[in-house]
Each structure stands twice: as C-alpha cells, then as structure tokens.
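As structure tokens, the structure follows; a few thoughts come after it.
Every number here is computed from the coordinates shown, using simple stated rules; none is lab data. Note that the coordinates shown come from a computational prediction; the quantities given were computed from them, not determined experimentally. Cβ sites come from the backbone with ideal geometry, for glycine too, and all protein chains shown count toward neighbours.
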Ligand SMILES: [Mg+2]
C-alpha cells in the first residue's frame, strides 16, 4: 500500500529540545497540581512523573484518577510565551518539498499546536491537526490514540509514516504497521529510520516514497 500521510509529532520534533517549551509545560503541570489538589511541589513532581510514565501524559493520569477539568488543565499548562521559537525558513522549504499529506499528531491541544506552528512559520504545510482532544483525551503511546488517529484520517497504518522524538511513542505505530522515524531520540529505541534533527528528513522521506 502506497505511503500517503506524514504524521508529525509536534513538541521537540519540529523544534529542538533546548527551546525550553517542554520544561515550561512541565513546570505549569506541577503548578496546576499544587494549586488544584493542594499537594506540595515535591508530591506534584512525583505525581506528574508517575502519571507520565504510566499513562503517556500527566493529563491522562489526572483524568483517570482525580477530578480534572481537562480543557481548563490543557489551557493552563500551555499558557506561556513561545519566545524561544523562531521562524525556521529551512524547515519551511523542506516541508514544501516533501511529498504526502502532512498531519500533526500531538499529545498537546490544538491551540498550542497552532501557536507553535505559527511561531515556526510552517502552519500552511499541515492539512490537519489531530490533538489529544480529537483523540478523545487518549494520548500516545496508548494504542487507542493511533487507532483514533487512523479512523479520523480514514487511513491504513501502511499508508502512514510517524515522525517523533519520543521512542516509546513509535512502538505502537510500528506494531500497527506504520513506518517510523525517530528524531533526536534515544538511539537505543527501535525505529525504521533515525535522524539527528528534523532538517535531515528529506532523504529519509525520499527513501520511504521510492518505488
Ligand atoms: Mg515530542
């Protein structure tokens, strides 16, 4: 079955880790837990870590184990300036050259994805954003997140390439039959292709699309 979709993770895949975006989100998640549930900062940190490990994201753990106004939570943890992200002209040109329909598949919410893509100057390349809300609040690496994504796209896994910085989020994609690309990830994690930055994606996509 021919490849048709390039599914891009958003955070730390389309921009480098040192942009500090995930640190800011992590800080706000802990702040929210302290304020909402009256924990100490240390307890909030332990809870956020444990839920991230067990459920894919802290959000999912809070949703399943606590009283959580999930939309308020998502707005709160993504409310900070994206000053460190700059327009990436090289990435813009690369995305323009790549074949296939480009889709964002993220554990964040749509407003955050829109803001990041605008800051990077690459919004126009993506036909769709499948966020954790569209995914029914089920994040990667839960298998259901991927089957939800495929259903929304009306796609078969064999038509999809998942491009991700987090190795554990590639495993279910591979299991379903997607092609996987690890970007600046842990080299011990399995993937069909591994690249150091998103700017190295060109030759990989060429190889994947080659007959
Ligand atoms: Mg990521």
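Here is how the numbers come out for the structure above:
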| quantity | calculated |
| --- | --- |
| Value of D in µm² per second that Stokes-Einstein yields for the chain, Kirkwood Rh from Cα pairs, at 10 °C (1.306 mPa s) | 90 µm²/s |
| Order by protection proxy (mean Cβ within 10 Å, highest first), peptides 75-83, 134-142 | 134-142, 75-83 |
| D (Stokes-Einstein, µm²/s), Kirkwood Cα radius, the stretch 21-77, 1.567 mPa s at 4 °C | 118 µm²/s |
| Between 0 and 90°, nearest 10: helix 21-37 axis offset from the chain longest Cα axis | 30 degrees |
| Cα centroid separation - the stretch 24-95 against the stretch 108-131, whole Å | 17 Å |
| Percentage relative contact order, the chain, counting C-alpha pairs under 8 Å, at least six apart | 24 percent |
| Sites residue 101 and residue 76, calculated FRET efficiency, Cβ-Cβ separation with R0 30 Å, nearest 0.05 | 0.40 |
| Residue-averaged 222 nm ellipticity for the chain, from DSSP H runs of 4+ at -39500 (n - 2.57), nearest 500 | -13500 deg cm²/dmol |
| Extension reserve of the residue 90-residue 188 stretch, reckoned as 0.36 nm per residue once the Cα distance is removed | 32.4 nm |
